[in-house]
Amino acid sequence: MKTAGTSFRTMLEREFGDRIYPTNDELAAQPQRFYLRTPELLDKLAAGSLDLSGRDFLCGHYPARLAEELKGEWRTVIFLREPISRTLSILAHHKRNLGFFERRGKLNIPRLLKKRDFVLGQVADYQTKTLALPGTGNVNQPYPVNEATYEKAVEVLHAADCVGLT
């Protein structure tokens with residue numbers, strides 16, 4: 001999250017139309033325009049209620065290793081962002097959407113930063129976690145980051161087909 005993926009997805013849709021998933025219309029049909037979480041995506045694919053055949057691109061907030069869980073051959077494009085800028089961007093995102101989060105019983109920004117699950121799930125070592133998670137992992141949940149996690153993240157980064165820096 002917060003590494004220019006939405007801008008990239010929008011550019012892909014302009015260029016390739018409905019060969020990407022989700023298109024803007026498909027994303028608009030989701031509650032709060034959220035991407036499907038990894039378990040939900042995999043469940044829908046397994047149940048046949050989502051078909052990615054004919055799609056060249058799958059975009060969203062997924063572990064870098066998601067392709068290991070998908071049928072067919074998929075390439076991996078990863079966007080990384082300088083961590084402090086990414087953190088400030090996610091906090092600005094929450095601030096912009098504060099009314100939405102407050103209505104749902106979420107906390108304001110200073111209190112949010114005191115929430116261990118938020119910090120561990122969306123701030124601390126977020127990009128390392130997203131690279132190292134198994135393909136079935138949830139990028140919004142806390143995940144232990146240690147030396148082994150870091151080594152896995154580096155391995156996944158080197159194996160990626162394309163790495164963009166924002």
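The values are calculated or read from the model by the stated rules, or taken from the named source; none is laboratory data. Predicted model only: the values in this text are computed from it and were never measured. Every residue, glycine as well, gets a Cβ built from its backbone with ideal geometry; the counts of neighbours run over all protein chains shown. Side chains included, ligands, DNA and RNA excluded: accessible areas come from the protein's heavy atoms. Shrake-Rupley method; radii C 1.70, N 1.55, O 1.52, S 1.80 Å.
Quick check on Gly60: is it of a type in the set (Gly, Ala, Ser) and free of Cβ contacts under 8 Å to residues at least 60 places away in the same chain?
yes
Could you list, in sequence order, all residues of the range 105-133 that are modelled with pLDDT under 85, open to solvent by 50 Å² or more (accessible area, probe 1.4 Å) and either in a helix (DSSP H, G or I) or on the phi > 0 side of the Ramachandran plot (or both)?
Gly105, Pro110, Arg111
Could you check the range 1-47 and list, in sequence order, the residues that are open to solvent by less than 60 Å² (accessible area, probe 1.4 Å) and hydroxyl-bearing (Ser, Thr, Tyr)?
Thr3, Thr10, Tyr21, Thr23, Tyr35, Thr38, listed by residue number.
Each row is one residue, and each column tells you yes or no for (1) within 22 Å of Gly135 (Cα to Cα); (2) within 16 Å of the chain's Cα centre (by Cα); (3) modelled with pLDDT of 85 or more.
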{"residue": "Gln32", "(1), (2), (3)": "no, yes, no"}
{"residue": "Arg37", "(1), (2), (3)": "yes, yes, yes"}
{"residue": "Gly72", "(1), (2), (3)": "yes, no, yes"}
{"residue": "Asn97", "(1), (2), (3)": "no, no, no"}
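If we keep just the residues of the range 134-152 that are within 22 Å of Phe8 (Cα to Cα) and not polar (S, T, N, Q), which is modelled with the highest pLDDT?
Top of the filtered list is Gly135.
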